[in-house]
Amino acid sequence: STSDRFPNGLGNDSGELGHNLMDHHFKVGANGLSEDFGDRFYLIEAGRVEVFQEGAYRRAQSEGDGFGEIALLKDVPRTATVRAARDCSLLALDRVRFISAVTGHRRSQEAADSVVEQRLTGTAELVS
């Protein structure tokens, strides 16, 4: 997929990791993920999603944000449900490649751990 951030397409601009990403598209109102087993990490290429936990609105996420990491890194069921607030173009990375990319480097592991901790403790920024 191409975007303002990756005019040649993410797969062409980001090396090996980009070639393993899969395109997904969700229309407004579609539930992209639910609180069940997770097998992919998603990066929002375009659009906006709303995140709910146990039915309660938690935050909105848009281009450049990602979700699905907690289930993959902690090997637990997904902790939230994501619904498209606008038509969305998502890039997905499967469990094995995501874990390899994140845990294979100290700084990326630390960054991922920080995001997971913020989201699990509720200290991630809430958007009204």
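The values are calculated or read from the model by the stated rules, or taken from the named source; none is laboratory data. None of the values given here were measured: they were computed from a predicted structure. Positions of Cβ are backbone-derived with ideal geometry, glycine not excepted, and every protein chain shown enters the neighbour counts.
Here are the numbers for this structure:
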item	result
Meets criteria (surrounded by fewer than 18 Cβ atoms within 10 Å (Cβ to Cβ), closer than 24 Å to ALA30 by Cβ and modelled with pLDDT of 85 or more) for GLU54	yes
Some residue of the stretch 84-94 being part of a helix (DSSP H, G or I) and closer than 27 Å to HIS25 by Cβ	no
Cβ-Cβ under 7 Å pairs, at least 6 apart or on other chains, the stretch 90-115 side in contact (Cβ under 8 Å) with a residue 24 or more places away in the chain and over 15 Å from ILE70 (Cα atoms), far side crowded, with 16+ Cβ neighbours inside 10 Å and of a type in the set (D, E, K, R)	LEU90/GLU45; LEU91/GLU45
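Rundown of residues vs (1) at pLDDT below 90; (2) surrounded by 18 or more Cβ atoms within 10 Å (Cβ to Cβ); (3) of a type outside the set (Asp, Glu); (4) assigned to a strand (DSSP E or B), yes/no style:
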residue: PHE37; (1), (2), (3), (4): yes, no, yes, no
residue: TYR42; (1), (2), (3), (4): no, yes, yes, yes
residue: GLU45; (1), (2), (3), (4): no, yes, no, yes
residue: ALA60; (1), (2), (3), (4): no, no, yes, yes
residue: GLY64; (1), (2), (3), (4): no, no, yes, no
residue: LEU73; (1), (2), (3), (4): yes, yes, yes, no
residue: VAL82; (1), (2), (3), (4): no, yes, yes, yes
residue: VAL102; (1), (2), (3), (4): yes, yes, yes, no
residue: SER128; (1), (2), (3), (4): yes, no, yes, no
